[in-house]
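The structure appears below as structure tokens.
Since every read-out is calculated from the coordinates, none of them should be taken as a lab result. Worth saying up front: this structure is predicted, and the values here are computed from it rather than measured. Please note: Cβ atoms are built from the backbone with ideal geometry, for glycine as well, and neighbour counts cover all protein chains shown.
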Amino acid sequence: MVIKMKPESTEDEILELIAFLKNEGIKIHRSESGGITLIGLTGPLENIEISDIKVLNGVDDAVRITAPYKLVSRNFRPEDTVISFKNGVAVGGSEVVVMAGPSAVESEEQIETAAMICKSMGARILRGEAYISRTSPYSFQGLELEGLKIMRAAADNNNMLVISEILDTSQIDDFVQYVDIILVGSRNMQNFELLKALGSTDKPVMIKRGLSATIDEWLMAAEYIVTGGNSRVMLCERGIRTFEPKTKNTLDISAIPVLEVLTHLPIIVDPSRAVGFRDKIIPLARAAVAAGADGIMIEVHPFPEKARIYKAEQMAPDQFHQLMKETKAIALAIGRTI
């Protein structure tokens, strides 16, 4: 249920309503939208009647949200969520934010070079994995904590933010210290204990869509974090598993306009991980921006042929330069910037 307060409602009326609801065992989620106070309710709502709520002081309206996800629903917050950072980056606003960097942190020199390249071409956020979830236990698993420290230094040297993937609740303290955006990978989209733990932090979180997850399942994963108190959540479409063997995954471009109706959360697209081949990334990046994505995440390596993992999907610097040029033109055509 969402309660909309009157524009002229006082703080005392709002607090009185909140106290009443808490006394009924209801969990309260307060937000502001267009100068109006909205109060989202979760918990045992069976005995709460809308008619009883509407007559309380300061209340303008109350509606039940029928979707299984409540707080990430557009019904709860009509306005888009914009996640702002200290260096001026805002995800979810008019600018399409570019996150770029190698698949994995391999060395100090490699990540510093990648950061310089990506920043010079317009990327605002440095991506790279320090803890790597691999299908084979014999594959490169990442530099772990040392990798996070190397990324942090490279990003600071180039006035960039850091996004990296977390694998386990035991890593949260280190990620809070060294990372600006915590990435929940597709394999962990339904790791509910991890999602709950991230809900108790104030660090922005990006959730990648699971390999075979529906949009509703994806939104419910985000709901786990928001109900924990962390509203700074964004979604990342990275392709889903289908029967088609010609690409690594199948990028669901249609998910972008669908999500824009269902949720207020920012939407990011990862065409690199979706298609799996660097020569096919640019068309998908163009399509993502044209469809309304709030950001794109691109894998860029100074020397892709020397990469320790995912050689085929990491772009060379000249390819990334071309991608930025073409996506900027698309963004301009739809009234946005990159």
**Asked** Residue-wise, which Karplus ³J(HN,Hα) couplings in Hz belong to region 285-297, taking 6.51 cos²θ - 1.76 cosθ + 1.60, θ = phi - 60°, and x for glycine or proline?
**Response** 5, 4, 5, 4, 5, 4, 7, x, 4, 8, x, 10, 10
**Fill in**
Per region 83-333, sqrt(5λ) over the Cα gyration tensor eigenvalues, sorted largest first, in Å, gives 23, 22, 19
**Fill in**
For 20-31, 292-303, ranked highest to lowest by mean beta-carbon neighbours within 10 Å, the order is 292-303, 20-31
**Request:** Compute the signed sum of charges (Lys and Arg +1, Asp and Glu -1) over the other residues within less than 12 Å, Cβ to Cβ, of residue 157.
**Result:** -1
**Asked** Given region 24-116 reduced to its alpha-carbon atoms as identical point scatterers, what log10 I(q)/I(0) does the Debye formula return at q = 0.11, 0.17, 0.20, 0.22 Å⁻¹?
**Response** -0.55, -0.87, -1.06, -1.20
**Item:** Relative contact order of the chain, pairs being alpha-carbon contacts under 8 Å that are 6 or more residues apart, as %
**Value:** 16 percent
**Asked** Cβ under 10 Å from residue 174's Cβ, residue 174 left aside: what net charge do those residues give with Lys, Arg +1 and Asp, Glu -1?
**Response** -1
**Asked** Assigning unit charges at the beta carbon (Lys, Arg +1; Asp, Glu -1) and nothing else, what dipole magnitude in debye, to the nearest 20, does region 83-333 show about its Cα centre?
**Response** 460 debye
**Asked** Amide H neighbours of residue 315 under 5 Å, counting only residues 5+ apart in sequence or on other chains, H built in-plane at 1.01 Å?
**Response** 299, 300, 301
**Request:** Quote to one decimal, in nm, the extra length available between residue 145 and residue 333 on full extension: 0.36 nm per residue of separation minus the C-alpha distance between them.
**Result:** 63.5 nm
**Asked** ³J(HN,Hα) across region 216-221 via Karplus (A = 6.51, B = -1.76, C = 1.60, θ = phi - 60°), whole Hz, x for Gly/Pro?
**Response** 4, 5, 4, 5, 5, 4
**Prompt:** Given H placed on each backbone N at 1.01 Å, which residues far from residue 37 in sequence or on other chains put an amide H within less than 5 Å of it?
**Reply:** 5
**Item:** For region 2-63, alpha-carbon Rg over 2.2 N^0.38 Å
**Value:** 1.00
**Request:** Could you tally the net charge around residue 92, taking each other residue with its Cβ under 14 Å from the Cβ of residue 92, Lys/Arg +1 and Asp/Glu -1?
**Result:** 0
